[in-house]
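*Asks:* Could you have a look at this structure, given as structure tokens, before my questions?
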């Protein structure tokens, strides 16, 4: 950890002249936008998912304007812990699929992708089936 000493910062026993503020420990943070994109892409991989429904007015306008994005239909909310996230997905499923089974597959796939690719535990994952489509 960095310690401040009269105009010099010490990091791992090495002094860096001219630096007055302590240097933060190295860490990687995944932004909410990047996490939402990762989650959206993972949800699209589940058989029976036709697409994502707009989660809010902004997503609806983007869709009308033709700017479809992988994070559409995904809401990400950070909890008190920086490694835990509350997630809501708005999906459209194919006609004739077992909706509870598809929803459970989405939950599992999204949790796996977030844990494996971003190192983040997602709990809970809410899946809202906003529509059913024939294709």
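The values are calculated or read from the model by the stated rules, or taken from the named source; none is laboratory data. This one's a predicted model, so the numbers in the text were calculated from it and none came from an experiment. Methodologically, a virtual Cβ is constructed for each residue, glycine included, from the backbone with ideal geometry; neighbour enumeration extends over all protein chains shown.
*Asks:* Working only within the range 114-132, note down all residues that are closer than 21 Å to residue 31 by Cα and surrounded by fewer than 20 Cβ atoms within 10 Å (Cβ to Cβ).
*Replies:* 115, 116, 117, 118, 119, 121, 123, 124, 126, listed by residue number.
*Asks:* Looking at the structure I just gave you, is residue 83 touching a strand residue (DSSP E or B) at 6+ places or on another chain (Cβ under 7 Å) and modelled with pLDDT under 70? Steps first, answer last, please.
*Replies:* Numbers: touching a strand residue (DSSP E or B) at 6+ places or on another chain (Cβ under 7 Å): yes; modelled with pLDDT under 70: yes.
Spelling it out, residue 83 is indeed touching a strand residue (DSSP E or B) at 6+ places or on another chain (Cβ under 7 Å) and modelled with pLDDT under 70.
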